[in-house]
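The values are calculated or read from the model by the stated rules, or taken from the named source; none is laboratory data. None of these values were measured; they are calculated from a predicted model. All Cβ positions, even for glycine, are placed from backbone atoms using ideal geometry, and neighbour counts span all protein chains on display. Heavy atoms of the whole protein, side chains included, go into the accessibility calculation; ligands, DNA and RNA do not. Shrake-Rupley method; radii C 1.70, N 1.55, O 1.52, S 1.80 Å.
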Amino acid sequence: MLKGKKIVVGITAGIAAYKIPLLIRLLKKEGAEVQVVMTTFAKEFVTPLTLSVVSENSVLSDYYVKEDGSWHSHVELGLWADALLLAPLTANSLAKMAAGIADNFLMTLVLSARCPLFFAPTMDLDMFQHPTVSENIVKLQSRGYHYIEPAEGELASGLKGKGRMKEPEELLHVLTDYFSTEHIFKGKKVMVSAGPTHEPIDPVRFIGNSSSGKMGLAIAKAFARKGANVELVMGPANLDTRFPGIRTTDVNTASEMETACKKIFPNVEIAVMAAAVADFTPAEPANEKIKKASGPEVIHLKPTADILAGLGKIKKQKQLLIGFALETENELANAKEKLQKKNLDMIVLNSLKDKGAGFGTDTNKITLLTKNNPPRLFPLKAKEAVALDILSAIQSLMEE
Ligand code: CTP
């Protein structure tokens, strides 16, 4: 699975470093080329000699070798790597990464690397539960880095809880999983709708909602990073949508969004409708600004078209249609009903009851519902990480 892949394994000073030689053996068996980079303190936990023997490569730790004056380029190494795995990653190095500190060879490499980055923070229970650690993890996830959650169990302190590094076999699995799905979305045509809609009352006022567009944009970017050609239909949100592989159609109203989506949908294989579309629009928007004195006490509304349901009606067998459901009560039942009624392959449920989920935040907490499988609940994550969960669920649908 990893034949010819160039993997940099970055080791920081955690006790779990003693398990890394086994991981390297597994990577080598899978056909990967491995370059170990370690911090000075990591050498207290596992010897460079062991790592060098198992990786069949010299181990890098510094910018230069004093004895012969040769130096190592973190920039070149960053370009060479197909993946960078940081395991174990201490709370200290995690914080440095979150802050962009580059005070050793490994941290400069992190800033130079353009490849996917996987990080496995490991630490004691209380440290892991500290708010700065969770904030830093979310920060790294929001940069598109892949978080490898620690396992629960016995910790070096003798305490029991979350903080252990995943076993080498599991770390290997994360990488093989990533590379096995690398090509699945390559060249696929995908439509994503995102953001709110603004329904004009008069030329200066509108009915809108507080959707930020961040979830939809994160999904669009996740597809584009995997090589898909993405058509993003974007409602009025203050986001920079320029990104290689994404073509954006900006729209304002539900009706404009409907026109754009209907035009694009027949040519795509996957559509993810993350936009928060207004269900009603002013029946007769005023042509001139409504004056206070003459202002209406009542604004008459008419329903908008349900874009998603409309696409569900024209969906071809080979197309996958994914919707969102934002609920505040009877979440699962309502989402299930939408899944069926709108003829969807999957629905992403957000509950506004969950703290940190839904509109405006950088995080989200989702439940995925499909026709044939039981609901899958996910923990609170950065929206970029949520996007990756959605993509891997879509991949499973494609393989069904
Ligand atoms: N949606 C749409 N067109 C609309 C309203 C909603 O395409 N006019 C889509 C959204 O993009 C989302 C899904 O339908 O993918 C569900 O949106 P949501 O607001 O949760 O549900 P509604 O269908 O509007 O139902 P309700 O407001 O009754 O919950």
At q = 0.08, 0.12, 0.13, 0.18 Å⁻¹, work out log10 I(q)/I(0) for region 186-399 with the Debye formula, treating every Cα as an identical point scatterer and leaving solvent out; two decimals please.
-0.27, -0.61, -0.71, -1.31
Over the chain, with neighbouring protein chains present, the accessible area per residue in Å² at probe 1.4 Å is 50 Å²
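Which links in K189/K313; K19/K186; K262/K336; K162/K353; K341/K383; K189/K371 stretch past 30 Å when you go from one Cα to the other?
K19/K186
Which whole-number percent is the relative contact order of region 57-136 (Cα, under 8 Å, 6+ apart)?
35 percent
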Starting from the amide H of F118, placed 1.01 Å from N in the peptide plane, find each other amide H under 5 Å away whose residue is 5 or more places distant or on another chain.
L84, L85, L86, H146
Region 218-249-region 330-344 distance, computed between alpha-carbon centres (Å)
26 Å
Just tell me which lysines come within less than 18 Å, Cα to Cα, of K302; anything on the same chain fewer than 8 places away is out.
none
Can you list the aspartates and glutamates whose alpha carbon is less than 14 Å from that of K365, not counting same-chain residues fewer than 8 positions off?
E327, E331, D354, E384, D389
Considering only protein heavy atoms and a 1.4 Å probe, what is the carbon-and-sulfur percentage of the accessible area of region 39-178?
54 percent
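Relative to the Cα centre, what is the charge dipole magnitude of region 54-199, using +1 at the beta carbon of each Lys and Arg, -1 at the beta carbon of each Asp and Glu, and rounding to the nearest 20 debye?
520 debye
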Cα-based Rg then Dmax for region 25-85, in Å, read 12.2, 34
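Considering only DSSP states other than H, G, I, E and B, which trypsin sites (Lys or Arg not before Pro) in region 151-186 qualify as loop sites with at most 16 other Cβ atoms within 10 Å?
Working: sites: K160, K162, R164, K166, K186; in loops: K166, K186.
Passing sites in region 151-186 are K186.
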Over the chain, equivalent-ellipsoid semi-axes from the Cα gyration tensor in Å:
46, 21, 20
Put R143, R242 in order of accessible area, largest first, 1.4 Å probe: what do you get?
R242, R143
How big is the shadow of the Cα convex hull of region 6-182, averaged over all directions, in nm²?
9.7 nm²
Just need the relative contact order of region 61-207 here, percent rounded to a whole number, with Cα pairs under 8 Å and 6+ apart.
18 percent
Beta bridge orientation in the chain: antiparallel %, DSSP, nearest 5:
30 percent
Averaged over every viewing direction, what's the projected area of the C-alpha convex hull for region 78-135? Give it in nm², one decimal, please.
3.9 nm²
Dipole size in debye (nearest 20) for region 121-214 around its Cα centre, Lys and Arg Cβ +1, Asp and Glu Cβ -1?
480 debye
Which of rounded, prolate or oblate describes region 280-358 when judged by the alpha-carbon gyration tensor and an a/c cut-off of 1.5?
oblate
Might you report the magnitude of the Cβ-based charge dipole of region 1-139 about its Cα centre, with Lys and Arg at +1 and Asp and Glu at -1, to the nearest 20 debye?
420 debye
Listed residues M38, L51, N209: farthest to the positive end of the dipole of the chain (Cβ charges):
N209
